[in-house]
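Peer 1: Pasting a structure here, questions to come.
The values are calculated or read from the model by the stated rules, or taken from the named source; none is laboratory data. The structure presented is a predicted model; accordingly, all values stated were derived computationally and were not measured. Note that we place each Cβ from the backbone using ideal geometry, even for glycine, and neighbour counts take in every protein chain shown. Accessible surface is based on the protein model in full, side chains and every heavy atom, while ligands, DNA and RNA are left aside. Shrake-Rupley method; radii C 1.70, N 1.55, O 1.52, S 1.80 Å.
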Amino acid sequence: MEHIWNITLKKSYLNTADDKTYTACVMSRRDTLHNADVADDLSSRGMGNREQILAVLNARDEFVREKLSDGNSFADSNIRLFPVVKGKWRGKGKKEKGESMKCTVSIVCQKPLLEVLASVKLHVLGEKGLRCFLGSFIDLERDMKSGEACTDDTLQFKCKDAKILDSADEEQGFFLLAEDGTERKARLVTNTPSLLTVRLPSDIAEGVYTPIVRTRYNSKGGALSSLRTIQGKYPVRIVPFL
(Lines give C-alpha, C1' and ligand atoms only; values in the text may rest on other atoms or scores of the structure.)
Protein backbone atom coordinates (compact mmCIF):
# COMPACT_ATOMS: atom_id res chain seq x y z
CA MET A 1 0.00 0.00 0.00
CA GLU A 2 1.36 3.40 -1.00
CA HIS A 3 1.47 6.06 1.71
CA ILE A 4 1.34 9.75 0.77
CA TRP A 5 1.59 12.85 2.96
CA ASN A 6 0.30 16.08 1.49
CA ILE A 7 2.40 19.00 2.70
CA THR A 8 2.44 22.76 2.34
CA LEU A 9 5.64 24.78 2.60
CA LYS A 10 6.11 27.67 5.00
CA LYS A 11 9.01 30.04 4.52
CA SER A 12 11.64 29.70 7.23
CA TYR A 13 13.22 32.85 8.64
CA LEU A 14 15.87 31.06 10.72
CA ASN A 15 18.36 31.38 7.88
CA THR A 16 18.04 34.99 6.73
CA ALA A 17 20.78 34.55 4.14
CA ASP A 18 18.71 32.01 2.22
CA ASP A 19 15.20 33.05 1.14
CA LYS A 20 14.56 29.62 -0.42
CA THR A 21 14.46 27.70 2.87
CA TYR A 22 11.07 26.30 3.86
CA THR A 23 9.62 24.13 6.60
CA ALA A 24 7.00 21.50 5.76
CA CYS A 25 3.53 21.42 7.31
CA VAL A 26 1.70 18.10 7.01
CA MET A 27 -1.92 18.49 5.93
CA SER A 28 -4.13 16.16 7.92
CA ARG A 29 -6.76 14.37 5.84
CA ARG A 30 -9.20 13.75 8.67
CA ASP A 31 -9.81 14.17 12.37
CA THR A 32 -7.55 12.45 14.90
CA LEU A 33 -8.34 8.74 15.20
CA HIS A 34 -9.22 7.24 18.59
CA ASN A 35 -9.73 3.84 20.19
CA ALA A 36 -13.30 3.80 18.91
CA ASP A 37 -11.98 3.93 15.33
CA VAL A 38 -9.67 0.99 16.03
CA ALA A 39 -12.58 -0.97 17.52
CA ASP A 40 -14.75 -0.19 14.47
CA ASP A 41 -12.05 -1.42 12.11
CA LEU A 42 -11.28 -4.62 13.99
CA SER A 43 -14.93 -5.55 14.49
CA SER A 44 -15.65 -4.94 10.79
CA ARG A 45 -12.95 -7.50 10.01
CA GLY A 46 -14.57 -10.08 12.26
CA MET A 47 -11.96 -9.87 15.02
CA GLY A 48 -14.44 -9.55 17.87
CA ASN A 49 -17.29 -7.58 19.37
CA ARG A 50 -16.84 -3.82 19.03
CA GLU A 51 -17.71 -3.00 22.65
CA GLN A 52 -15.44 -5.71 24.01
CA ILE A 53 -12.55 -4.57 21.83
CA LEU A 54 -13.07 -0.97 22.90
CA ALA A 55 -13.12 -1.99 26.57
CA VAL A 56 -9.79 -3.81 26.13
CA LEU A 57 -8.21 -0.82 24.39
CA ASN A 58 -9.37 1.59 27.09
CA ALA A 59 -8.10 -0.78 29.80
CA ARG A 60 -4.73 -0.88 28.02
CA ASP A 61 -4.57 2.91 28.06
CA GLU A 62 -5.25 2.95 31.80
CA PHE A 63 -2.57 0.30 32.38
CA VAL A 64 0.01 2.35 30.43
CA ARG A 65 -0.85 5.54 32.33
CA GLU A 66 -0.49 3.81 35.70
CA LYS A 67 2.87 2.22 34.82
CA LEU A 68 4.27 5.46 33.40
CA SER A 69 3.19 7.36 36.53
CA ASP A 70 5.22 4.81 38.56
CA GLY A 71 8.32 5.65 36.50
CA ASN A 72 8.24 2.68 34.13
CA SER A 73 8.96 2.78 30.42
CA PHE A 74 6.48 1.25 28.00
CA ALA A 75 6.95 -0.01 24.45
CA ASP A 76 4.76 -1.56 21.78
CA SER A 77 5.57 -2.32 18.15
CA ASN A 78 5.22 1.34 17.10
CA ILE A 79 6.55 3.59 19.87
CA ARG A 80 8.43 3.59 23.15
CA LEU A 81 7.43 5.90 26.00
CA PHE A 82 9.81 6.71 28.82
CA PRO A 83 9.53 9.14 31.74
CA VAL A 84 11.54 12.37 31.81
CA VAL A 85 11.67 15.44 34.02
CA LYS A 86 11.96 18.85 32.43
CA GLY A 87 13.07 22.06 34.05
CA LYS A 88 15.85 23.16 36.42
CA TRP A 89 16.20 21.67 39.88
CA ARG A 90 16.87 24.21 42.64
CA GLY A 91 19.44 23.12 45.18
CA LYS A 92 20.76 19.68 46.10
CA GLY A 93 18.12 18.70 48.67
CA LYS A 94 15.89 15.71 48.03
CA LYS A 95 12.74 17.68 48.83
CA GLU A 96 13.64 20.80 46.88
CA LYS A 97 11.94 21.35 43.56
CA GLY A 98 11.84 24.31 41.17
CA GLU A 99 8.51 25.79 40.15
CA SER A 100 9.27 25.05 36.51
CA MET A 101 9.84 21.32 37.07
CA LYS A 102 7.53 19.11 35.01
CA CYS A 103 7.08 15.35 34.83
CA THR A 104 6.33 14.20 31.30
CA VAL A 105 7.20 11.45 28.79
CA SER A 106 9.28 11.27 25.64
CA ILE A 107 8.33 9.25 22.58
CA VAL A 108 10.69 7.27 20.36
CA CYS A 109 9.59 5.48 17.19
CA GLN A 110 10.25 1.74 17.05
CA LYS A 111 11.80 -0.01 14.04
CA PRO A 112 8.53 -1.24 12.41
CA LEU A 113 7.09 2.28 12.41
CA LEU A 114 10.35 3.80 11.17
CA GLU A 115 10.38 1.34 8.26
CA VAL A 116 6.85 2.38 7.26
CA LEU A 117 7.65 6.09 7.60
CA ALA A 118 10.72 5.64 5.38
CA SER A 119 8.42 4.59 2.53
CA VAL A 120 6.10 7.62 2.80
CA LYS A 121 6.03 9.83 -0.29
CA LEU A 122 5.62 13.59 0.00
CA HIS A 123 3.22 15.51 -2.24
CA VAL A 124 3.98 19.23 -2.14
CA LEU A 125 0.81 21.29 -2.56
CA GLY A 126 2.54 24.68 -2.60
CA GLU A 127 3.42 27.51 -0.24
CA LYS A 128 1.18 27.86 2.78
CA GLY A 129 -0.98 30.97 2.80
CA LEU A 130 -0.33 33.58 5.48
CA ARG A 131 -3.21 35.65 6.89
CA CYS A 132 -5.47 33.96 4.34
CA PHE A 133 -8.31 31.56 4.88
CA LEU A 134 -10.96 29.53 3.12
CA GLY A 135 -13.88 29.23 5.51
CA SER A 136 -17.42 27.91 5.70
CA PHE A 137 -19.55 27.27 2.63
CA ILE A 138 -23.18 26.98 1.59
CA ASP A 139 -24.69 24.77 -1.10
CA LEU A 140 -26.59 27.30 -3.22
CA GLU A 141 -28.56 24.60 -5.02
CA ARG A 142 -30.19 23.42 -1.80
CA ASP A 143 -29.59 26.38 0.54
CA MET A 144 -27.74 24.05 2.92
CA LYS A 145 -24.85 24.61 5.33
CA SER A 146 -24.51 21.00 6.47
CA GLY A 147 -21.15 20.41 4.80
CA GLU A 148 -22.74 18.00 2.31
CA ALA A 149 -23.20 18.49 -1.41
CA CYS A 150 -24.08 16.56 -4.56
CA THR A 151 -22.37 16.36 -7.90
CA ASP A 152 -22.85 19.42 -10.12
CA ASP A 153 -23.89 21.57 -7.12
CA THR A 154 -22.73 25.17 -6.70
CA LEU A 155 -20.87 25.97 -3.48
CA GLN A 156 -20.15 29.45 -2.13
CA PHE A 157 -17.17 29.89 0.24
CA LYS A 158 -16.31 32.72 2.59
CA CYS A 159 -12.63 33.55 2.33
CA LYS A 160 -9.89 36.14 2.63
CA ASP A 161 -7.35 36.85 -0.10
CA ALA A 162 -8.24 33.55 -1.80
CA LYS A 163 -8.91 35.02 -5.23
CA ILE A 164 -7.56 33.02 -8.17
CA LEU A 165 -5.24 35.42 -9.97
CA ASP A 166 -5.24 33.60 -13.31
CA SER A 167 -7.96 30.99 -13.86
CA ALA A 168 -6.35 30.03 -17.18
CA ASP A 169 -3.24 28.85 -15.34
CA GLU A 170 -3.58 25.08 -14.77
CA GLU A 171 -1.65 25.30 -11.49
CA GLN A 172 -4.02 27.89 -10.05
CA GLY A 173 -7.62 27.24 -9.14
CA PHE A 174 -10.03 25.63 -6.70
CA PHE A 175 -9.28 21.95 -6.06
CA LEU A 176 -10.94 19.13 -4.13
CA LEU A 177 -8.43 16.78 -2.51
CA ALA A 178 -9.72 13.23 -1.96
CA GLU A 179 -8.58 10.99 0.89
CA ASP A 180 -6.53 8.87 -1.54
CA GLY A 181 -4.50 11.93 -2.61
CA THR A 182 -6.18 12.49 -5.98
CA GLU A 183 -7.53 15.92 -6.91
CA ARG A 184 -10.39 17.33 -8.96
CA LYS A 185 -10.58 20.92 -10.15
CA ALA A 186 -13.86 22.81 -9.78
CA ARG A 187 -15.12 25.50 -12.18
CA LEU A 188 -15.06 29.07 -10.87
CA VAL A 189 -18.33 31.01 -10.90
CA THR A 190 -17.49 33.93 -8.60
CA ASN A 191 -13.86 34.85 -7.99
CA THR A 192 -13.18 37.63 -5.48
CA PRO A 193 -10.77 37.97 -2.52
CA SER A 194 -13.62 37.56 0.00
CA LEU A 195 -16.01 35.22 -1.84
CA LEU A 196 -15.50 32.17 -4.03
CA THR A 197 -18.30 30.33 -5.80
CA VAL A 198 -17.49 27.06 -7.57
CA ARG A 199 -19.36 24.43 -9.56
CA LEU A 200 -18.62 20.84 -8.59
CA PRO A 201 -17.71 18.37 -11.37
CA SER A 202 -20.67 16.32 -12.54
CA ASP A 203 -18.67 13.07 -12.32
CA ILE A 204 -16.97 13.57 -8.96
CA ALA A 205 -17.11 10.44 -6.79
CA GLU A 206 -18.83 10.26 -3.42
CA GLY A 207 -16.55 10.81 -0.44
CA VAL A 208 -14.91 13.41 1.79
CA TYR A 209 -12.79 16.10 0.13
CA THR A 210 -10.55 18.87 1.44
CA PRO A 211 -11.13 22.17 -0.44
CA ILE A 212 -7.87 23.80 -1.53
CA VAL A 213 -7.11 27.06 -3.32
CA ARG A 214 -3.84 27.57 -5.15
CA THR A 215 -3.18 31.07 -6.36
CA ARG A 216 -0.56 33.72 -7.03
CA TYR A 217 -2.91 36.49 -5.91
CA ASN A 218 -1.23 39.23 -3.91
CA SER A 219 -3.48 41.64 -2.03
CA LYS A 220 -0.71 44.26 -2.26
CA GLY A 221 -0.72 44.12 -6.04
CA GLY A 222 1.17 42.15 -8.66
CA ALA A 223 1.66 38.40 -8.51
CA LEU A 224 3.37 36.17 -5.98
CA SER A 225 6.59 34.55 -7.18
CA SER A 226 5.38 31.13 -5.99
CA LEU A 227 2.03 29.43 -5.61
CA ARG A 228 0.19 30.01 -2.35
CA THR A 229 -1.87 27.13 -0.99
CA ILE A 230 -4.91 27.83 1.20
CA GLN A 231 -6.54 24.81 2.83
CA GLY A 232 -10.25 24.97 3.61
CA LYS A 233 -11.26 24.84 7.26
CA TYR A 234 -14.18 22.50 6.60
CA PRO A 235 -14.33 19.34 4.46
CA VAL A 236 -16.83 18.85 1.65
CA ARG A 237 -18.76 15.57 1.77
CA ILE A 238 -20.08 14.47 -1.61
CA VAL A 239 -23.23 12.38 -1.14
CA PRO A 240 -25.87 10.83 -3.44
CA PHE A 241 -28.62 13.13 -4.68
CA LEU A 242 -30.59 14.36 -1.70
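Peer 1: Pull out all pairs, ordered by first then second residue, where Cβ-Cβ is under 7 Å, the residues are six or more apart or on different chains, the first lies in segment 202-216 and is more than 17 Å from LEU227 (Cβ to Cβ), and the second is open to solvent by 20 Å² or more (accessible area, probe 1.4 Å) and assigned to a strand (DSSP E or B).
Peer 2: Within 7 Å, the pairs are ILE204/ARG184; VAL208/ARG237.
Peer 1: What residue, among those in segment 222-238 that are under 20 Å from THR197 (Cβ atoms) and surrounded by fewer than 17 Cβ atoms within 10 Å (Cβ to Cβ), is modelled with the lowest pLDDT?
Peer 2: Per the stated criteria, the residue is LYS233.
Peer 1: Still on this structure: Does at least one position in segment 166-173 carry a residue that is open to solvent by 70 Å² or more (accessible area, probe 1.4 Å), farther than 20 Å from LYS10 by Cα and hydroxyl-bearing (Ser, Thr, Tyr)?
Peer 2: Yes: one or more hits.
Peer 1: When the residues of segment 142-165 are filtered to those that are part of a strand (DSSP E or B) and open to solvent by less than 30 Å² (accessible area, probe 1.4 Å), which remaining residue is farthest from THR190 (Cα to Cα)?
Peer 2: Once the filter is applied, the top-ranked residue is ALA149.
Peer 1: Here's another thing I want to ask about it. What pairs can you find where one residue is in segment 68-87 and over 19 Å from CYS109 (Cβ atoms), the other is among the polar types (S, T, N, Q), and their Cβ atoms are less than 7 Å apart, with a gap of 6+ or different chains?
Peer 2: As it stands, the answer is LYS86/THR104; GLY87/SER100, since those pairs meet every condition given.
Peer 1: Could you say whether any residue in segment 146-158 is without any contact (Cβ under 8 Å) to a residue 24 or more places away in the chain and under 22 Å from the mean Cα position of the chain (by Cα)?
Peer 2: Yes; the residues of segment 146-158 include at least one that is without any contact (Cβ under 8 Å) to a residue 24 or more places away in the chain and under 22 Å from the mean Cα position of the chain (by Cα).
Peer 1: Taking interchain pairs and intrachain pairs at least six residues apart, which have beta carbon atoms under 9 angstrom, with the first residue in segment 220-234 and over 15 Å from PHE175 (Cβ atoms) and in contact (Cβ under 8 Å) with a residue 12 or more places away in the chain and the second open to solvent by 60 Å² or more (accessible area, probe 1.4 Å) and among the acidic types (Asp, Glu)?
Peer 2: Hits for this filter: ALA223/ASP166.
Peer 1: So, PHE63, is that one among the aromatic types (Phe, Trp, Tyr) and in a strand (DSSP E or B) or not?
Peer 2: No: the conditions fail for PHE63.
Peer 1: Search segment 181-221 for residues being β-branched (Val, Ile, Thr) and in a loop (DSSP other than H, G, I, E, B), and hand back the single one that is surrounded by the most Cβ atoms within 10 Å (Cβ to Cβ).
Peer 2: ILE204
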